[in-house]
Structures are given as C-alpha cells and as structure tokens.
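Data first, discussion second: the structure below is written as structure tokens.
The values are calculated or read from the model by the stated rules, or taken from the named source; none is laboratory data. On a predicted model such as this, the values are computed, not experimentally measured, just so you know. Cβ: placed from backbone, ideal geometry, glycine included. Neighbour counts: every protein chain shown. Just so you know, the surface numbers come from the protein's heavy atoms only, side chains and all, with ligands and any DNA or RNA stripped out. Shrake-Rupley method; radii C 1.70, N 1.55, O 1.52, S 1.80 Å.
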Amino acid sequence: MKKPASSCPPEAPRAPAETEAELLRRHAELTELNARLTTAQEQLLQSEKLASIGQLAAGVAHEINNPISYVFSNFATLGGYIDGLLAMLAAYREAETQIGDPQVLKDIRALRAAIDLDFVTGDIPVLMNESLEGIERVRKIVQDLKDFSRADAHQEWQWSDLHHGIDSTLNIVSNEVKYKADVVKEYGAIPDVECLPSQLNQVFMNLIVNAAHAMPKERGRITIRTSHEGDMVRVDIADNGSGIPKAIQGRIFDPFFTTKPTGSGTGLGLSLSYGIVQKHHGRIEIDSTPGQGATFSIFLPVRHAAASIKDQQP
Ligand SMILES: Nc1ncnc2c1ncn2[C@@H]1O[C@H](COP(=O)(O)OP(=O)(O)OP(=O)(O)O)[C@@H](O)[C@H]1O
Ligand SMILES: [Mg+2]
C-alpha cells in the first residue's frame with residue numbers, strides 16, 4: 001500500500017551552529033540520564049546485596065543470640081563460683097600445717113606440684129577475662145547483625161535535632177576517639193530533621209569510629225560539619241587519616257568488606273549506614289585522597305514524607 005502523502009511542509013534546513021547547539025544539548029541530556037541510570041543501577045545492586053545478606057544475617061543472629069545469652073549469664077555466675085573456690089583453696093592451704101599425717105601432707109604437696117597450682121590460680125582470672133571479652137565481642141557482632149537485618153522496624157519517625165544526636169554519639173564513642181584525635185565541630189544552622197534518630201546515631205557512630213581508626217600514629221583531627229542546602233541537610237564527617245585507596249572505594253559499602261585485621265572489624269559498619277541513609281531517602285558520598293584523609297558526606301531530606309512523594313514522581 002502506498003503511504004499517504006504528508007501534509008506537513010518539509011523542515012527548513014537549520015544553520016550549522018543551531019544544529020551543533022542542539023546536538024550538544026542532547027548530548028548533555030543523555031550524559032545526565034546515563035549518570036542517573038548508573039546511580040540507580042548501583043543503588044539497586046546495593047539494595048539487593050543488602051536484602052540477601054540481611055536474610056542470612058537475621059538467621060545467623062537468631063541462632064547465635066540464645067546460646068550466647070546463656071553462656072554470658074552462666075559465665076558471670078561461674079566467675080563468682082571460681083572466686084569462692086579459690087578462697088576456699090587458700091583457706092585449705094593455710095590449714096595444711098594442721099595435718100598430722102605426714103603421708104597425706106606429702107600426697108597433697110605432690111598433687112599441688114603436679115598441677116602447678118600457683119600458676120593455675122594466677123591464670124584462671126586471666127582466662128576468665130579473656131573469655132568474657134570474647135563473649136562480649138560475639139554479642140556485639142550478633143547485635144550488629146540484628147540491627148543490620150532488621151534495623152528496628154517498630155521505631156517511630158520523629159523530628160529531631162541532629163546536633164543533639166551527634167553530640168550524644170560523640171559521648172558514647174569518646175573512648176575510641178579521645179586518644180587518637182581532636183574533634184572539631186563546625187555546626188551550621190540546620191532545621192530539625194524528620195528521621196529515625198537512633199538509627200542516624202548509629203550512622204554517625206560508624207563514621208566517627210572509622211575516622212578514629214584511620215588516624216595516623218600522631219594525633220589526628222576529625223571535623224564534623226553541618227549545613228542546610230534547599231530541602232536537604234548535610235553532615236560531613238572528615239578526617240585527616242589514611243584515606244581510602246581508589247581501588248577499594250567502590251567496595252567499602254559492601255557487607256563484610258573490611259581491611260582491618262581479622263577479629264577487629266566485621267565490615268558491617270558502612271553497609272549498615274548505607275541502608276539506614278537509604279531508608280531516609282538520603283545518600284552518602286565519599287571524597288578521599290589516599291594518604292590525606294577521607295570525608296563522608298550524608299545528605300538527608302528535612303522531611304521524610306516529602307522525600308517519599310518525590311520518589312514516586314518520574
Ligand atoms: N574514614 C576512613 N578512612 C579510611 N578508611 C576507611 C574509613 N572509613 C571506612 N574505611 C574503610 O572501609 C572499610 C569498611 O568500613 P566498615 O565501617 O564497613 O567496616 P570496618 O570498620 O572495617 O568494621 P566494623 O564492622 O567494625 O565497622 C574499613 O575496613 C576501611 O578500610
Ligand atoms: Mg567501621
């Protein structure tokens with residue numbers, strides 16, 4: 001079938017400058033679109049990773065939580081019993097001189113030498129303390145896993161002063177920070193933010209502790225800066241520590257990614273923080289020059305509801 005003839009007159013040829021400007025404009029649009037697609041894809045990937053690891057974490061945390069709770073509680077009781085037994089042993093030892101039968105005395109002394117009683121009684125408190133530290137660590141990891149997988153769903157959104165949250169978090173982590181760095185606060189005028197305050201505190205805590213861990217041998221500096229831009233509040237946590245090598249910058253938000261020695265980092269801090277900021281419809285950006293330090297910037301919408309409505313718009 002023959003196509004009907006078009007009624008529109010053919011377009012007049014455009015001047016080359018106009019065409020080039022149009023091309024440049026379209027190119028800029030496509031580049032912008034492409035960047036947005038890449039960001040969306042990265043966020044999607046990260047959410048998927050978080051969701052699957054979250055399920056695993058929930059299962060593991062649930063299984064470990066009960067046994068570790070009773071081990072912890074039994075351990076405290078056991079500590080009391082052992083103190084009593086050691087006191088009893090010392091009393092028996094004092095009474096040794098009262099033993100009339102030389103054979104009994106000889107046997108007791110032989111047994112004491114065989115088990116090296118002096119060493120054992122000195123070593124028991126050391127072993128108990130080390131084990132208690134170990135159990136505490138497991139409890140913390142389980143708690144991290146629970147927070148990570150569930151991040152207390154029943155918490156209420158409320159209007160909160162972020163400066164207040166940062167200050168109280170600084171108090172909690174002061175032991176981690178005070179020997180390594182000076183904290184400089186550069187607080188701007190920011191409005192209250194509609195948020196899950198204790199979860200945001202967890203984010204501040206992870207970022208501040210990470211900054212403290214990245215400090216060089218000599219005393220470093222952690223700067224906490226806040227500002228208000230449009231309908232977003234920004235919190236920067238900047239350090240002059242080791243910085244983050246370019247090669248790993250794309251992986252530090254991955255669950256269980258850590259460069260810390262085995263036993264000292266679970267690698268959950270940043271992935272947890274990422275999930276929490278995402279839940280607030282915010283974002284985290286990193287700026288780091290290896291060898292000079294790192295800045296983590298958190299952008300949060302002032303109003304949570306506004307963020308969800310905006311999200312639904314194309
Ligand atoms: N401020 C920082 N400076 C340098 N490296 C950092 C900084 N913050 C994070 N990192 C790097 O990112 C990695 C992941 O951090 P993340 O907080 O997720 O885990 P972690 O600190 O190793 O362990 P934890 O679960 O105990 O927090 C760190 O091991 C470290 O290599
Ligand atoms: Mg950490």
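Compare 255, 16, 191 in a GNM of the chain, Cα atoms joined below 10 Å, and give the one with the largest fluctuation.
16
Quote the FRET efficiency, to the nearest 0.05, computed for residue 106 versus residue 74 with a Förster distance R0 of 35 Å and r equal to the Cβ-Cβ distance. Before the final figure, lay out each step's value.
Details: r = 37 Å, r/R0 = 1.07.
Result of the calculation: an efficiency of 0.40.
Sum -39500 (n - 2.57) across every DSSP H segment of at least 4 residues in the chain, then divide by the residue count to get the 222 nm mean residue ellipticity, nearest 500.
Numbers: 9 runs with 183 residues, N = 314.
Helices in the chain give a 222 nm mean residue ellipticity of -20000 deg cm²/dmol.
Which residues does a label at residue 218 reach in region 241-263, if reach means a backbone N under 15 Å from a point 7 Å past the Cα toward the Cβ?
The answer is 241-242, whose backbone nitrogens lie closer than 15 Å to the label point.
Give me the number: length gained by fully extending residue 95 to residue 192, i.e. 0.36 nm times residue separation minus the C-alpha to C-alpha distance, one decimal in nm. Intermediate results must be reported in sequence, preceding the final value.
Values: separation 97, 0.36 × 97 = 34.92 nm, distance 7.00 nm.
The span from residue 95 to residue 192 would gain 27.9 nm if fully extended.
List the relative contact order of the chain as a percent without decimals, with contacts defined as Cα pairs under 8 Å and 6+ residues apart. All intermediate terms of the calculation are to be shown ahead of the outcome.
Numbers: 348 pairs, mean separation 46.8, N = 314.
Relative contact order of the chain: 15 percent.
With every protein chain left in place, what is the accessible area per residue of the chain in square angstrom, probe 1.4 Å?
Values: 20180 Å² over 314 residues.
In whole numbers, the chain has 64 Å² accessible per residue.
For region 165-314, what does the relative contact order come out to in percent, with C-alpha contacts under 8 Å and a separation of six or more?
On the way: 269 pairs, mean separation 37.4, N = 150.
That works out to 25 percent.
If exposed trypsin sites (Lys or Arg not before Pro) are those in a DSSP loop with at most 14 other Cβ within 10 Å, what is the longest stretch of the chain that has none?
Values: sites that count: 2, 14, 178, 217, 219, 251.
Longest stretch, sites excluded: 15-177.
Taking the simple approach of a point 7 Å from Cα along Cα-to-Cβ for both residue 258 and residue 133, what is their distance in nm?
Spacing of the two 7 Å Cα→Cβ label points: 1.5 nm.
At 0.36 nm per residue, minus the direct Cα-Cα distance, what do residue 126 and residue 161 gain on full extension? Give it in nm, one decimal, please.
Working: separation 35, 0.36 × 35 = 12.60 nm, distance 4.41 nm.
Value of the extension gain: 8.2 nm.
Carbon and sulfur together cover what percent of the accessible area of region 65-150 at a 1.4 Å probe radius? Provide the component values of the computation, followed by the final result.
Working: 3770 of 6100 Å².
Accessible surface attributable to carbon and sulfur in region 65-150 totals 62 percent.
Short version: ³J(HN,Hα) in whole Hz for each residue of region 235-246, in order, from phi by Karplus 6.51 cos²θ - 1.76 cosθ + 1.60 (θ = phi - 60°), x for Gly and Pro, what are they?
Running phi through 6.51 cos²θ - 1.76 cosθ + 1.60 with θ = phi - 60° gives 10, 9, 10, 10, 10, 10, x, 5, x, 10, x, 3 Hz.
Using only C-alpha atoms and all pairs of different ones, pull out the Kirkwood radius for the chain in Å with one decimal. Before the final figure, lay out the partial values.
Numbers: mean 1/r = 0.0405 Å⁻¹.
Its Kirkwood hydrodynamic radius stands at 24.7 Å.
Can you compute 3J(HN,Hα) from phi for each residue in region 158-173, using the Karplus curve 6.51 cos²θ - 1.76 cosθ + 1.60 with θ = phi - 60°, rounded to whole Hz and x for Gly and Pro?
Whole-Hz 3J(HN,Hα) from phi for region 158-173: 8, 7, 9, 8, 4, 4, 4, x, 5, 4, 5, 5, 4, 4, 5, 9.
Regarding region 197-247, what whole-number volume in Å³ per residue does the convex hull of its Cα atoms give?
Values: hull volume 5.5 nm³, N = 51.
Hull volume over Cα atoms, normalised by residue count, gives 108 Å³.
Take the Cα atoms of region 166-314, find their three principal axes, and give me the spread along each one in whole Å, biggest first.
Principal axes ranked by extent give 47, 30, 26 Å for the Cα atoms.
With axes computed from alpha carbons, what is the tilt in degrees of helix 117-150 against the longest principal axis of the chain, rounded to the nearest 10 within 0 to 90?
Its long axis makes an angle of about 20 degrees.
Could you tally the net charge around residue 26, taking each other residue with its Cβ under 12 Å from the Cβ of residue 26, Lys/Arg +1 and Asp/Glu -1?
Here the count lands on -3.
Any idea what log10 I(q)/I(0) is at q = 0.15, 0.21, 0.22 Å⁻¹ for region 65-150, Debye with uniform C-alpha scatterers and no solvent?
Rounded to two decimals, the profile gives -0.71, -1.01, -1.06.
Using the structure shown, select from 178/217; 140/246; 178/260; 180/260 the pairs with a Cα to Cα distance greater than 23 angstrom. Each step should come with its number before you reach the end.
Working: 178/217 14 Å; 140/246 30 Å; 178/260 20 Å; 180/260 17 Å.
Result: 140/246 exceed 23 Å.
With r defined as the distance between the Cβ atoms of residue 246 and residue 39 and R0 fixed at 25 Å, what FRET efficiency is calculated, to the nearest 0.05? Could the numbers behind the result be given before it?
On the way: r = 19 Å, r/R0 = 0.74.
Efficiency computed from Cβ-Cβ geometry: 0.85.
Accessible area of region 171-303 with a 1.4 Å probe: how many percent of it is carbon plus sulfur? Spell out each step's value before the answer.
Working: 3150 of 6210 Å².
Answer for region 171-303: carbon and sulfur cover 51 percent of the accessible area.
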